[in-house]
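Notes for the one structure printed next.
The values are calculated or read from the model by the stated rules, or taken from the named source; none is laboratory data. In this text, all values refer to a predicted model and were calculated from it rather than measured experimentally. Note that we place each Cβ from the backbone using ideal geometry, even for glycine, and neighbour counts take in every protein chain shown. Heavy atoms of the whole protein, side chains included, go into the accessibility calculation; ligands, DNA and RNA do not. Shrake-Rupley method; radii C 1.70, N 1.55, O 1.52, S 1.80 Å.
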Amino acid sequence: MTVIGERMLDLRQVPRVFDTKPWAAHLYVTEQCNLDCHYCNEFNNSIPHPALADLEKWMDHIRKLGVMRLGLQGGEPLKHPDIVEVVRYAKSLGFCKVSMSTNGFLLNRQLLADLEGAGLDDLQISVDRMTPIASTRKAMKSIVHKLDWFKDSKVKLNVSGVLFKETLDEMGQVIDTCLDLGIPVHARVVHDDLVHDRALRDASASEPLLRFLEHQEKLKRSGEKIHSSWNLFAYQKKMLRQEPVEWTCIAGYKYFFVSSTGKFWLCSQVRTERHILEITREDLLGYNRKKDCQARCGVYCTAQASLAVSHPLQYAGREVAGMLASRVSRMRRGGHERIRDLAFAQ
């Protein structure tokens, strides 16, 4: 195993940083969702769930293209009636990691046990605040009792939050709650909606957002379980400051998305009408180029992979430097740090 970003990277994945094969894909197992967060353009309740047989064909093709990591997305993936079988089939194809993102509202103990039995590796629960508001109902109070279920589970849990003006007042409590429970957590700056041409980042909130990112960096440096890479922190800060970042977006090349109707998307915000079953390795290679939309891109899974592929030595160097600084900090510090302490100190 080796380290890349916020998690351990299976050595089998290392060649994907340097070769020309695709690395990861996200599959929308449904676009239906039980929530309606104002910033989200990745749900459509008018589209039926895809049949399990179709999802299996699409996963077959994704694997044959060379993809090693598969993320199951929505909408809300737990709404799909065959979600356990989707996970089981994905694992049978030999993906080295199968993960899922959910708002957690539909999760119960039996479903978690079934997902674990099917082989799910990671589950990310998205939580934006402690209490719900009109723009986002993904509240910690709705799922906090479920976090304890993962203590004896093989499924690795992390919590993620979308950071924007309306979540700043309670996101610190979300971070602290997770850290108190020993759960890896992060909050990342909201990305703009390119599908509907909506600017979702409020320029007046840039400084508070920067401070919040710096708080998370300080917690990570002190050894707390902040589930984000040093490279991604640096990237987000430059994005908010509107500073240039030299990189080549690998969306559509090493990292791509597949919709619940089987359409090939470069990422969640850049979509095509081509069907995944038509896509060849040559098609993917054609997307190995800079994109007009990559400046201040907020599709962080793609951005992070792009940074690693574009500048592997620089990327690894920043991560190693961060790890060493964290080790030194842990040796010096006297106790646990939390967002509430850092905010109070200001």
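Those helices (runs of 4 or more DSSP H) of region 288-346 in which 1 or more residues are among the aromatic types (Phe, Trp, Tyr) and modelled with pLDDT under 95 occupy 339-345.
Within the group ARG318, ARG281, which residue is within 20 Å of LYS218 (Cα to Cα), in contact (Cβ under 8 Å) with a residue 12 or more places away in the chain and not acidic (Asp, Glu)? Sole residue among the options that is within 20 Å of LYS218 (Cα to Cα), in contact (Cβ under 8 Å) with a residue 12 or more places away in the chain and not acidic (Asp, Glu): ARG318. In region 50-73, of all residues being touching a residue at least 60 places away in the same chain (Cβ under 8 Å) and out of contact with any Gly (no Cβ under 8 Å at 6 or more places or on another chain), the one that is farthest from GLY119 (Cα to Cα) corresponds to LEU65. ASP283 passes every criterion in (1) open to solvent by less than 10 Å² (accessible area, probe 1.4 Å); (2) under 26 Å from THR30 (Cα atoms) apart from (1). Taking the criterion of being over 20 Å from the mean Cα position of the chain (by Cα) and surrounded by fewer than 19 Cβ atoms within 10 Å (Cβ to Cβ), the residues of region 268-280 that qualify are THR272, GLU273, ARG274, HIS275, LEU277, GLU278, THR280. Filtering ASP152, ASP114 for residues that are acidic (Asp, Glu) and free of Cβ contacts under 8 Å to residues at least 24 places away in the same chain leaves a single hit, ASP152.
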